[in-house]
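See structure below.
Nothing in this text is a laboratory measurement; each read-out follows from the coordinates by a stated rule. Being a predicted model, the structure only gives us computed values, none of them experimental. Every residue, glycine as well, gets a Cβ built from its backbone with ideal geometry; the counts of neighbours run over all protein chains shown.
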Amino acid sequence: VPAVPVLFKQALENTEMEEGKSVSLRCELTKGDATVVWKKGEATLQASAKYEMKQKGTVAELVIHNAEPEDA
């Protein structure tokens, strides 16, 4: 049986952010067991005090704490 590819049901959207606040980016996938990797350009983001990654079922979320203009 061929593997069914994981697709985006809801892709990321541009989000306005306020400097110094937290911003949340969310996407929804067609399969809940997919591994999501968050990147900025070619760099893979790692969980830290600044970046918080969450995944519940088919929804993946990246929270950027203390947002700065460089996070665009």
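Return the long-range amide H neighbours of L45 (sequence gap of 5 or more, or a different chain), with a cut-off of under 5 Å between placed amide H atoms.
W38, K39, K40
What aspartates and glutamates could a cross-link reach from K56, if we take a straight Cα to Cα line under 13 Å and drop same-chain neighbours fewer than 8 places away?
E28, D33
Before anything else, pin down the relative contact order of the stretch 8-71: Cα pairs under 8 Å, at least 6 apart, normalised by residue count, whole percent. Let's see the in-between values first.
On the way: 101 pairs, mean separation 25.4, N = 64.
40 percent.
So how far apart, in nm, are the two label points at D71 and K56 if each is 7 Å from Cα heading toward Cβ?
2.0
Once phi is turned into ³J(HN,Hα) by the Karplus curve 6.51 cos²θ - 1.76 cosθ + 1.60 with θ = phi - 60°, what whole-Hz value does each residue of the stretch 3-14 show in order, with x for glycine and proline?
6, 8, x, 8, 10, 7, 7, 9, 7, 4, 10, 4
Kirkwood Rh over Cα pairs of the chain into Stokes-Einstein at 25 °C, 0.890 mPa s: D in µm²/s?
Rounded, D is 184 µm²/s.
Between R26 and L45, with labels modelled 7 Å along Cα→Cβ, what's the label distance in nm to one decimal, could you check?
Reported label-point gap for R26 and L45 is 1.5 nm.
Using the per-residue mean of other Cβ atoms lying within 10 Å as a proxy for protection, in what order, highest first, do the peptides 31-38, 55-62, 14-21 fall?
Listed from highest to lowest mean packing, they are 55-62, 31-38, 14-21.
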